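Structure, as structure tokens:
The values are calculated or read from the model by the stated rules, or taken from the named source; none is laboratory data. Note that the structure is predicted; figures quoted are calculated from it, not measured. In this analysis, Cβ positions are derived from the backbone assuming ideal geometry, glycine residues included, and neighbour counts consider all displayed protein chains. With ligands, DNA and RNA removed, areas are computed over all heavy atoms of the protein, side chains included. Shrake-Rupley method; radii C 1.70, N 1.55, O 1.52, S 1.80 Å.
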Amino acid sequence: MTLTNDGIAPHGGTLINRLVSDEQKAEFLSKAEFLPQVTLDDRALSDLVMIAIGGFSPLTGFMGKADYEPVVTDMRLANGLPWSVPVTLSVSEEVASPLNEGMLICLNDQTGRYVGVLELTEKYTYDKEKEAVNVYCTDEDLHPGVKVVYDQGEINLAGPIWLLERDEHPLFPKYQIDPAAARAMFRERGWKTVVGFQTRNPIHRAHEYIQKCALETVDGLFLHPLVGATKEDDIPADVRMRCYEIMMDRYFPQDRVILAINPSAMRYAGPREAIFHALIRKNYGCTHFIVGRDHAGVGDYYGTYDAQHIFDQFEPGELGITPMKFEHAFYCTRTSTMATSKTSPSSKEERIHLSGTKVREMLRRGELPPPEFSRPEVAAELSRAMQTQS
């Protein structure tokens with residue numbers, strides 16, 4: 001782990017910034033009507049933003065073939081730096097055909113708004129099934145990440161990007177804390193060690209337990225729920241954020257915890273995504289990262305602790321961030337406390353832990369999860385949200 005005056009060094013050593021200056025923006029806008037256009041889907045738009053703000057450092061744009069291929073096969077960029085998930089801009093052959101290397105390309109969101117620029121350096125074909133099997137450990141299109149790969153275009157466009165403007169998040173502007181700002185906040189608070197926590201699910205007692213266990217050993221906790229594109233049946237981001245606000249107000253020491261949003265999209269890549277999420281938090285300034293049960297998993301595609309074991313494939317210090325590996329936590333009725341199998345003498349019958357699916361079913365029926373699983377205020381908030389959706 002490399003520490004600098006700004007805390008932990010970003011991945012690759014430099015925090016990338018691809019936000020245009022006023023002069024660059026004026027120049028790009030003046031050329032817009034003469035440039036070819038490509039429309040970004042939700043994931044590509046999130047990736048554009050994450051590259052621009054430095055969340056995906058050292059990437060300065062969408063991956064070329066020299067980086068893409070070793071990332072897929074070996075979890076390495078061309079220069080050997082660890083990187084576990086491809087970050088590509090895939091388009092149809094029809095879209096790619098008139099585009100030539102060396103062109104500037106307007107990147108539009110799905111409303112047609114001009115949001116960024118791609119300096120096209122390369123366009124190349126790729127093997128979708130190979131990407132699926134290597135990154136997601138399956139070729140089944142029932143896997144949501146694999147389905148995205150199979151549904152996207154056959155050609156990858158590569159090159160550096162520029163983001164024309166950093167918009168305020170429409171729902172969570174006060175929690176939009178980009179990597180440079182997060183690092184400044186850690187520095188101002190005097191935090192030398194910071195543990196990051198990733199989630200796409202509402203917080204429950206098991207989350208709270210492992211977060212607080214981690215917080216016992218570091219200076220600060222960076223709660224960083226993902227608010228980019230997720231599966232349709234995941235709990236919406238606004239509901240999850242309200243649950244975190246409840247927890248911040250009532251159950252966490254506010255001087256030792258920062259709540260911020262992670263604008264990236266979920267891949268559901270299990271072990272590979274655990275590495276990816278750790279590197280993102282390293283770029284935000286975290287020195288440690290919590291990895292729990294089936295991190296970034298979906299269905300039964302990954303083993304319970306595969307996302308922890310994958311960190312052992314890298315040499316100590318190579319990732320530059322320390323994983324904090326936690327067992328599955330539950331409420332132990334024998335000891336009347338949260339625990340894991342490492343600390344509890346209980347039998348299976350004395351352990352209360354519910355799956356996310358089970359909890360969603362209870363909420364849809366108007367039932368509240370037990371207080372041993374979820375704080376009552378959080379359960380009530382989830383119940384209100386589920387009843388509104390029904």
Qualifying residue in the stretch 181-203 (condition: in contact with a Gly (Cβ under 6 Å, 6 or more places away or on another chain) and closer than 24 Å to residue 270 by Cα): yes
Selection count, the stretch 236-266, where residues are part of a loop (DSSP other than H, G, I, E, B) and open to solvent by 10 Å² or more (accessible area, probe 1.4 Å): 6
Residue, nearest to the chain's Cα centre (by Cα), within the stretch 16-26, restricted to residues that are outside any loop (DSSP other than H, G, I, E, B) and surrounded by 14 or more Cβ atoms within 10 Å (Cβ to Cβ): 19
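When you check residue 158 against the structure, is it assigned to a strand (DSSP E or B), at pLDDT 95 or above, touching a strand residue (DSSP E or B) at 6+ places or on another chain (Cβ under 9 Å) and small (Gly, Ala, Ser), yes or no?
Yes: the conditions hold for residue 158.
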Residues (part of a strand (DSSP E or B) and open to solvent by 10 Å² or more (accessible area, probe 1.4 Å)) located in the stretch 267-298: 288
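For the condition under 30 Å from residue 13 (Cβ atoms) and open to solvent by less than 20 Å² (accessible area, probe 1.4 Å), what is the one hit in 158, 96, 181?
158 is the lone residue from the list that is under 30 Å from residue 13 (Cβ atoms) and open to solvent by less than 20 Å² (accessible area, probe 1.4 Å).
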Considering residues of the stretch 102-154 that are more than 21 Å from the chain's Cα centre (by Cα), β-branched (Val, Ile, Thr) and more than 19 Å from residue 51 (Cβ to Cβ) only, the residue most open to solvent (accessible area, probe 1.4 Å): 111
Single residue of the stretch 372-387 satisfying the filter (assigned to a helix (DSSP H, G or I), of a type in the set (A, V, I, L, M, F, W, C) and over 13 Å from residue 250 (Cα atoms)) that is most open to solvent (accessible area, probe 1.4 Å): 380
Test: residue in the stretch 264-277 that is over 27 Å from residue 373 (Cβ atoms) and of a type in the set (Lys, Arg): yes
Residue list for the stretch 36-78, filter: among the acidic types (Asp, Glu) and under 20 Å from residue 101 (Cα atoms): 67, 69
Residue 39 touching a strand residue (DSSP E or B) at 6+ places or on another chain (Cβ under 9 Å), closer than 27 Å to residue 94 by Cβ, open to solvent by 40 Å² or more (accessible area, probe 1.4 Å) and modelled with pLDDT of 95 or more: yes
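If a residue must be part of a loop (DSSP other than H, G, I, E, B), β-branched (Val, Ile, Thr) and either open to solvent by 30 Å² or more (accessible area, probe 1.4 Å) or without any contact (Cβ under 8 Å) to a residue 24 or more places away in the chain (or both), how many such residues does the stretch 319-339 contain?
2
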